Each structure stands twice: as C-alpha cells, then as structure tokens.
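All remarks here apply to the structure that follows.
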Amino acid sequence: FDTMGARGIDDRDAVVLLWLIGACTIGFISFCVWQCATSGSTEYTVTITSVDGLDPALDLGIDRPALSPVFDITVHINNTLYKVHKQCIGEDSSAAVSYANALLGKGTVPAFCAQALGVGGAAATAWTMNVQLPRLLRNRLAGELERGEAVVDVVVRSPGAGQCHRHGCNDKVLVCKAKIGGRSSPCFLRETISDTSANR
C-alpha cells in the first residue's frame with residue numbers, strides 16, 4: 001500500500017477543505033457587512049406647524065355651519081440609517097388632511113429627496129372651503145382642540161415615486177396621525193400600484 005500517495009491525497013483534500021472554509025467565511029462576512037450597510041430603515045414624519053380656521057369659539061360654534069380650514073404642514077425624511085439609496089417625494093405629490101373621514105384640506109407637496117445618510121423636508125399647505133361637519137364632530141373637535149388633544153389624519157401620496165413600468169406605477173403613500181400643535185408624527189409607508197396614464 002502506497003502510504004506516501006495516500007498522504008498526498010489527504011493533504012490535497014485538507015487544502016481544498018480549508019479553502020472552502022475560508023471562502024465561506026469571507027462570503028458570510030461580506031454578506032453581514034452588506035446587510036449592515038443597507039438594512040437601516042428610512043423614517044418619514046409630518047408636522048402640522050400651524051392651523052387657521054379651526055378656532056373652537058370662532059369657527060366651530062353653532063352659528064358657523066361651514067368651515068374653511070388651512071393647515072401648514074412639513075413633510076420630513078430621515079434617511080441617515082440607509083447607506084445606499086436616496087429616498088424621495090416625487091413630482092405631483094399631494095397631502096390630504098381629514099378628521100373622522102371628513103376632508104379638511106388638500107394641497108400639493110413640493111418634490112424633494114433625502115440623500116443616503118441624509119435628511120430632507122418640504123413645507124406644504126392644505127386647505128378647503130365651506131366644509132360641512134356634523135354638529136357631533138364639530139363639538140368633539142372643538143373639545144379636543146381646547147384640551148390640546150386634536151389629532152388628524154394626514155396622507156401624503158407621491159405618484160410613481162420614480163418607479164414606473166409598463167403595467168403601472170408604484171405610488172408611495174405616507175399614512176400619518178398628526179397632532180395639531182404637537183411635534184413630528186411618524187408615518188407608515190405603503191405602496192400602491194396605479195395606472196401609468198393617471199400619473200402623466
């Protein structure tokens with residue numbers, strides 16, 4: 001039996017095994033590094049900086065059945081934890097403000113981006129004329145405003161968000177609960193598919 005030949009084969013097998021172990025280790029480390037570099041989440045927030053036309057005594061009284069509110073809003077993107085791509089609110093974006101499913105204001109949002117590891121924001125104004133609210137909702141909103149507890153729904157829709165294909169566009173939608181007179185409120189991000197022709 002050729003013990004030298006067998007030993008040579010064992011040595012080659014050991015080298016191949018060590019090479020495979022080293023390659024797998026390098027691959028695993030590279031994957032972990034890539035995951036760490038790209039797994040940070042982007043934070044979207046909105047802030048209602050000012051409101052006009054919703055004074056509990058002047059505007060929400062029973063002698064004024066129609067409301068004409070105006071909301072100043074700031075939309076903000078914190079992308080400091082994401083190291084690869086910028087995140088944007090695209091052209092033709094809009095913001096809608098509602099209370100108990102009643103639309104209180106709508107307006108356009110300027111396009112802006114937060115670069116990778118950066119932040120970005122834009123101011124917008126949402127408004128409506130002659131909104132009719134049931135007395136129950138008016139009284140409830142007035143009480144919440146007086147107590148500093150009024151919260152409205154803010155939805156920011158960005159058609160396409162820069163990602164369109166033959167079958168449609170992926171709209172970026174931010175769904176937020178914003179406290180009037182409060183700090184920045186976090187938003188939940190979801191995407192919907194819309195007809196491409198509707199976003200042209």
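To keep it simple, each residue is scored yes or no on (1) within 30 Å of ARG140 (Cα to Cα); (2) at pLDDT below 90; (3) out of contact with any Asp or Glu (no Cβ under 9 Å at 6 or more places or on another chain); (4) hydroxyl-bearing (Ser, Thr, Tyr).
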site: PHE31; (1), (2), (3), (4): no, yes, yes, no
site: THR38; (1), (2), (3), (4): no, yes, yes, yes
site: THR45; (1), (2), (3), (4): yes, no, yes, yes
site: ILE48; (1), (2), (3), (4): yes, no, no, no
site: LEU54; (1), (2), (3), (4): yes, no, yes, no
site: ILE62; (1), (2), (3), (4): yes, yes, yes, no
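If you go through segment 66-81 one residue at a time, do you hit one that is in contact with a helix residue (DSSP H, G or I) (Cβ under 9 Å, 6 or more places away or on another chain) and open to solvent by 20 Å² or more (accessible area, probe 1.4 Å)?
Here is the first cut: in segment 66-81, the ones in contact with a helix residue (DSSP H, G or I) (Cβ under 9 Å, 6 or more places away or on another chain) are 67.
Add one more test, that the residue is open to solvent by 20 Å² or more (accessible area, probe 1.4 Å), and what stays is none.
Scanning segment 66-81, I find no residue that is in contact with a helix residue (DSSP H, G or I) (Cβ under 9 Å, 6 or more places away or on another chain) and open to solvent by 20 Å² or more (accessible area, probe 1.4 Å), so the answer is no.
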Check your understanding: How many of the residues in segment 128-161 are assigned to a loop (DSSP other than H, G, I, E, B), surrounded by fewer than 17 Cβ atoms within 10 Å (Cβ to Cβ) and in contact with a strand residue (DSSP E or B) (Cβ under 6 Å, 6 or more places away or on another chain)?
Key -> 1
Exercise for review: Inspect segment 167-176 for any residue being aliphatic (A, V, I, L, M) and either open to solvent by 20 Å² or more (accessible area, probe 1.4 Å) or within 24 Å of GLY61 (Cα to Cα) (or both) and give the result as yes or no.
Suggested key: yes
Exercise for review: Answer yes or no: is there a residue in segment 113-127 that is more than 16 Å from VAL173 (Cα to Cα), assigned to a strand (DSSP E or B), open to solvent by 90 Å² or more (accessible area, probe 1.4 Å) and modelled with pLDDT under 95.
Suggested key: no
Practice item. Determine which member of the set VAL84, VAL75 is part of a loop (DSSP other than H, G, I, E, B) and at negative phi. Key: VAL84
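The values are calculated or read from the model by the stated rules, or taken from the named source; none is laboratory data. Remember, predicted model here, so these are calculated numbers, not experimental data. Backbone-built Cβ (ideal geometry, glycine too); neighbour counts: all protein chains shown. Please note that ligands, DNA and RNA were not included when accessible areas were found on the heavy atoms of the full protein model with its side chains. Shrake-Rupley method; radii C 1.70, N 1.55, O 1.52, S 1.80 Å.
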